[in-house]
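Scroll down for the structure; my scribbles are underneath it.
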Amino acid sequence: MADTIPANISPLYPLANAKGTDLLCELCQKPAFIQCSKCRVTYYCGPEHQRADWIGIHAKICDELAVLRKPVPFLTSEKDRREKREELIQQQLRMIVITRTTGQKLLFENHFEEAVPAALQSLKFAIDVHGSSSVELVPSYLILGEASIGLQRLSQAEEYLSQAQWTVLKTDNPSNAIKSQLHRNLGLLFSALKAITVAPWRTSQLISSMPQTNTAQRTSACPVATSAWRIFSCTRTSRRLPMTCLDG
């Protein structure tokens, strides 16, 4: 990861803001005191969050944010307004792909702290495009949840994954990929909380969704599933656990 952060911070002057405008930190939503001097549309509570955001995602999207967040000009033609809205949506969809892909890559590399800003940005863009209750938000919640688990911020992880689970439950026919990833992350969370009576059940749901023909092949395909399944197998005789029926 890059260690050098360009000197692109400038202070905010509250009296220069429009009346009633509250400028909030991009990462924590607390009052902002500095801004990115390059795009001038991104604000932070302090240098620490500016640095985290720059490393995590802002360096990649600074120029795009300057365009996306500038005031929309007044258009008299309905046709022009419709075309402008469609153009904006396409730009936001592109940003969802960039930010989400970056967050997933950082997770894969175990850069949990850096993955959070990318996932937060993907969540914001997804809400703008799809609304606050769409299943399209779930991948961003899952990245945030897994990053929080990696950082041992388990209460925060539980909030993100609970939101993901609630969204999936409200959705008609969510994809198997989304459900499988959700079960996996819930299993990771419960394992981190040492809730042995629950984690293997969540993982068994993941195992049962895999295409292999028997349990041994399924567990060998997923190291997380393997360890949790061993715990589950050892405790089945002494505990009455909810479980998904497995083939093989």
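Coordinate-derived values only; no laboratory data. Quantities reported herein were computed from a predicted structural model and do not represent experimental measurements. Here the Cβ is made from the backbone with ideal geometry for all residues, glycine too, and neighbour counts use every protein chain on show.
With θ taken as phi - 60° and the coefficients 6.51, -1.76 and 1.60, list the Karplus ³J(HN,Hα) couplings across region 47-63 in order, rounded to whole Hz; mark glycine and proline as x.
x, 4, 6, 5, 5, 4, 5, 4, 5, x, 7, 4, 4, 7, 10, 4, 5
Using a 10 Å cut-off on Cβ atoms, rank the peptides 172-183, 93-104, 74-85 from the highest mean neighbour count down.
For the peptides 172-183, 93-104, 74-85, the packing ranking is 93-104, 172-183, 74-85.
Describe numerically, in nm with one decimal, the distance between label points set 7 Å from Cα along Cα→Cβ at K194 and at E159.
About 2.5 nm, to one decimal.
Which FRET efficiency value, to the nearest 0.05, is calculated for R82 and T21 with the Förster distance at 22 angstrom and r the Cβ-Cβ distance?
About 0.20, to the nearest 0.05.
Please rank I34, I89, fewest neighbouring Cβ atoms within 10 Å first, as an exposure proxy. Could the numbers behind the result be given before it?
Working: I34 19, I89 12.
Lowest to highest Cβ neighbour count: I89, I34.
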